[in-house]
Amino acid sequence: MLSREQNDMLTQTDAGTPMGEYFRRFWQPVALVEELREADGPPVRINIMGQELVGFRDTKGEIGVLDARCPHRGAHLFFGRNEECGLRCVYHGWKFDRHGNALDLPNVAADSNLHKTVRTRSYPVREAGEIIWAYLGPAASKLPDGKLPEPPMLEFTRVSDSHRYVTKQRFDCNWAQIIEGDLDTGHFSFLHMPAPSVTSAHHTHSQADEQRLRWMRDDPMPQFDVLEHEAGFVAAAARVADGQKYWRMTQFLLPTHGTGPSTLPGETYHGFTIVPISDTSCWCYVYSWNPDRPLGEEERAKLDAGFALVCERDENYLPVRNVDNDFLIDRDEQNHRTFTGVKGLAEQDSMIQHSQGPILDRTKEVLTETDTAVVRFRTKMLKGASDLANGEEPVAPSLHHLFTARPGSWLASADMTVDDVMQARFGDPLGRVRDG
Ligand code: FES
Ligand SMILES: [Fe+2]
């Protein structure tokens, strides 16, 4: 349970708020590369953390991210012309390059000082993992070591295009309850289960899946271990499984990266990164990657249609089953086939996270042992934000190597500790992938 003040601090990310300033120390995803593929193509609106920005790819193929409002009289540059290495406001023709320099101010006298002083704010940009990332924090000169961090080295950004799938989806609730839903891996025992009346004869899971489902159904109270490090933590949950233990390990990486915990060695990994749009909406960038092989056509088609962490979406990346249509809950399906009556694992998560309200009221909860990782997440985020508010810069943004980490599951003998299991599953105490 949090106090009202703590809940506000956790959930609010506009500029000037403690969490908003903390978020701005980290690179944020602002668009998919596919949205800005073409040089001199149409600009895109980028609304994140209460800020209105505009993105464009200039004539040379370089990306610019600028404040959306033209400094003259505030026209939105989304309607601007992307021409000859700059974005021109169509109201009176002011034009800016990707660094925010004014290239042309047609309604300003030639001898005016404005030609020297007018500029607009631009933000550092990188492309990694088919995502465009921007840095909205202070200038390098204001950071302790005098340089900007680089974007996080998440493993999906380091494999070739053929080995990954990347997209995004919009949610209409606060960002933090989505992360908490991912860390609370105990909910699988209910939320993602077949209806209690369904026997194996009636559905199509493989025998291995069937076994995993049974372990999860039979033990709704997994035991959690949290392995903390400077850039996040591993949340490991162990269930009793026919005299052994079935472990599911998920990675939380600061400030908003999460993963799916079910992957076995050789299978495809799934993860996501959230960026708030406002305090009651966010973009969730979702990705799947397989370090060992390219993703096949069939696997891609499945992801396109909504699979694993990906919702079924329309051409604007809006989920088809969403809060406005009650996630198309089918009560007959709920009675006879699935526990929720909602189609899709990602939609089942989304349904329940939206149902907690636009901003979950954490002053009114009754938490249990299975909320261990959720509590640790809140503590870590609140500490990061308040330390920064007290002048202590976070170290995580520059610890890139700690972000190359895998989630996954493992069946282990009952006496193995979490450290043994991490070693057995990943060959590393924190699931990190060594360079090589
Ligand atoms: S408002 Fe953009 S040029 Fe006037
Ligand atoms: Fe879930």
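Just so it is clear, none of the values below were taken in a lab; they were calculated from the coordinates. Everything numeric in this text was worked out from a predicted model, so none of it was measured. Because the Cβ atoms are built from the backbone with ideal geometry, glycine has one as well, and the counts that use them run over all protein chains shown.
Odds and ends about this structure:
- Comparing W215, L77, W133 along the charge dipole axis of the chain, the residue lying farthest to the positive side is L77, per the Cβ-charge model.
- Of the GluC sites (Glu not before Pro) in the range 179-282, those whose Cβ has at most 15 other Cβ within 10 Å and which sit in DSSP loop: E230, E267
- Pairs of Cα atoms nearer than 8 Å and 6+ residues apart set the relative contact order; for the chain it is 19 percent.
- Which of M193, M9, M221 has the fewest Cβ neighbours within 10 Å, and the rest in rising order: M221, M193, M9
- Only Lys, Arg (+1) and Asp, Glu (-1) charged, at Cβ; the range 200-271 dipole about Cα centre in debye: 160 debye
- Applying 0.36 nm per residue to the separation of V323 and E297 and subtracting their alpha-carbon distance, the gain on full extension is 6.3 nm.
- For L328, the shell of other residues with beta-carbons less than 9 Å away shows a net charge of -1, using +1 for Lys and Arg and -1 for Asp and Glu.
- Around E150: net Lys/Arg minus Asp/Glu count, Cβ-Cβ under 14 Å: +2
- Residue-averaged [θ]222 nm for the chain, counting only DSSP H segments that reach four residues, each worth -39500 (n - 2.57): -6000 deg cm²/dmol
- Hypothetical label at D218: residues of the range 166-188 whose amide nitrogen lies under 20 Å (7 Å Cα-Cβ projection): 186-188
- Charge tally around D387: other residues with Cβ under 13 Å, Lys/Arg +1 each, Asp/Glu -1 each, net -1.
- Taken over the range 181-326, the percentage of Cα pairs per 10 Å bin, counting from 0 up to the bin with the maximum distance, is 9, 32, 39, 18, 1.
- Measuring nothing but how far apart in sequence close Cα pairs (under 8 Å, 6+ apart) lie, relative to its length, the range 28-134 scores a relative contact order of 25 percent.
- Gyration tensor (alpha-carbon) shape descriptor, the range 208-292, a/c threshold 1.5: prolate
- Shape class of the range 33-104 from the Cα gyration tensor (axes a ≥ b ≥ c, square roots of the eigenvalues): oblate, since a/c reaches 1.5 or more and a/b does not exceed b/c.
- Nearest 10 degrees, 0 to 90: helix 207-218 Cα axis against the chain principal axis: 90 degrees
- The count of lysine pairs in the chain with alpha-carbon distances below 21 Å, taking only pairs 8 or more places apart or on different chains, stands at 6.
- Projecting label points 7 angstrom from Cα along Cα→Cβ for S386 and E84 puts them 5.6 nm apart.
- By the count of neighbouring beta-carbon atoms within 10 Å, fewest first, D349, D40 end up ordered D40, D349.
- Dipole magnitude (debye, nearest 20) for the range 28-134, charges at Cβ of Lys, Arg, Asp, Glu: 380 debye
- The range 244-359, dipole about Cα centre (Lys/Arg Cβ +1, Asp/Glu Cβ -1), debye to the nearest 20: 460 debye
- Rounded if a/c under 1.5, otherwise prolate or oblate - the chain, Cα gyration tensor axes: prolate
- C-alpha long axis of helix 345-355 to longest principal axis of the chain, angle in °: 70 degrees
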